[in-house]
Amino acid sequence: MQVDVIGVTNRSLIVSGVIGIWLQHWPLLAIVIGLEIILLPFLRFGLLSFVLGALRLGYRPAWLGHIFRRAERLDEWAMLDVFLIGGMVGYARVAPFLPIHIKAGGYCVIATALLTLITRASLERRELWRAMGPHVTHASTDMIGCTVCDFPVPTSQEGCPCPRCGARIWHCRPFSTMRAMALTIAAFIFYPVAYLYPMEYSDQLSTPHGYSIMTGVVKLAQAHLWFFAGLIFFASVLIPFLKLFAFAWFGISIHRHSASRLRLKTRLYRLIDVIGRWSHIDVFTVSVFLPLMHLPGLLSTVVGRAMPAFLAVVVLTMFASTVFDPRALWLAGTLHNRRAL
């Protein structure tokens, strides 16, 4: 994108926000954002193209499932689609005040983000796993299913790599609850900072104005951008709170061997596992417009301390969702029923 104001031209590449955050002495924050919007999408599309091309040509080596498993894992962290929504929110906030022009690179980002959404919706993963092989030769009740590719193996092979995708197969992943709870507690530590301090400072004529997450929601509502205000409130306030509440509930339930509402808890886990990545919208909104909002002596944007704290909450809860095994809820409930008998 490009902004032309009083003879000053500012251009923003997709990497410009990452560089700007790095130059403001937030290197870890810049690295995480750069991975999510530049490197990981490239790797995800590259690996997926290789797998689909190999299957198309009839090339099915034993390690092809390992490659597809890694491509699927990267799908959660390749966030060009979320970046596009963040850019749309920022554009709606700034366009009434500054003449912003979307250039060729911006349209390429839009196209890539839309293709990301299309591939995620249209990819028939079970068909691809079956095409890779190996195929199931026999089935019995004494088997465990791989949680990645659904390939069944005898219970005697618990802890061994899956013959199809290479993931370890367990009745329930060891220490999954402990790891998820540790990540959740770490997210709780960052949570107050993320919402009490500003995400960004807008320095207008040497007068700094801080904008927290809720301030941003209020500003969008005051500008009658109700859709974007609701979107930011849902993605940046409700989803992180829902994830922290859910994992706290899961941990307490497993500790107490609760057998109540197991289906509700499982559905809740599936929901937060899918929607958790969309909390990045506010972070990407700041990063995409950071290089554009820079007019020496007139206007500049500075990252606030809430931004790295908020990103830590989002990333830690995403990791918690990845390591948590919802089967632990059912095993705890089964143990409770056995004790009752």
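The values are calculated or read from the model by the stated rules, or taken from the named source; none is laboratory data. Quick caveat, the model's predicted, so the values are computed rather than measured. Counting neighbours? That spans all protein chains shown, and the Cβs are built from the backbone with ideal geometry, glycine included.
For the reader, a short list of remarks on this structure follows.
- Taken as a whole, segment 7-22 holds at least one residue that is hydroxyl-bearing (Ser, Thr, Tyr) and farther than 27 Å from Leu117 by Cα.
- Only helices (runs of 4 or more DSSP H) whose full extent lies in segment 1-115 are considered here, and the ones with at least 1 residues that are among the aromatic types (Phe, Trp, Tyr) and either closer than 27 Å to Leu271 by Cβ or out of contact with any strand residue (DSSP E or B) (no Cβ under 6 Å at 6 or more places or on another chain) (or both) are 16-23, 40-56, 64-75, 80-94.
- Filter pass, Phe250 being under 22 Å from Arg270 (Cβ atoms) and buried (at least 18 other Cβ atoms within 10 Å of the Cβ): yes
- Selection status of Ala182, in a helix (DSSP H, G or I), surrounded by 13 or more Cβ atoms within 10 Å (Cβ to Cβ) and at pLDDT 90 or above: yes
- Answer residue from segment 152-165, given it is surrounded by 18 or more Cβ atoms within 10 Å (Cβ to Cβ) and touching a Phe, Trp or Tyr at 6+ places or on another chain (Cβ under 8 Å) and is farthest from Val51 (Cα to Cα) among those: Cys162
- Entry remark, segment 35-83: residues being within 26 Å of Ser12 (Cα to Cα), touching a residue at least 60 places away in the same chain (Cβ under 8 Å) and buried (at least 21 other Cβ atoms within 10 Å of the Cβ) number 6 in total.
- Residue list for segment 239-295, filter: out of contact with any strand residue (DSSP E or B) (no Cβ under 7 Å at 6 or more places or on another chain), among the aliphatic types (A, V, I, L, M) and over 29 Å from Leu117 (Cβ atoms): Ala248, Ile252, Ile254, Ala259, Leu262
- Every residue from segment 166-179 that is in a helix (DSSP H, G or I) and surrounded by 16 or more Cβ atoms within 10 Å (Cβ to Cβ): Ser176, Thr177, Arg179
- Members of segment 127-178 found to be in contact (Cβ under 8 Å) with a residue 40 or more places away in the chain, aliphatic (A, V, I, L, M) and out of contact with any Lys or Arg (no Cβ under 9 Å at 6 or more places or on another chain), listed by number: Leu128
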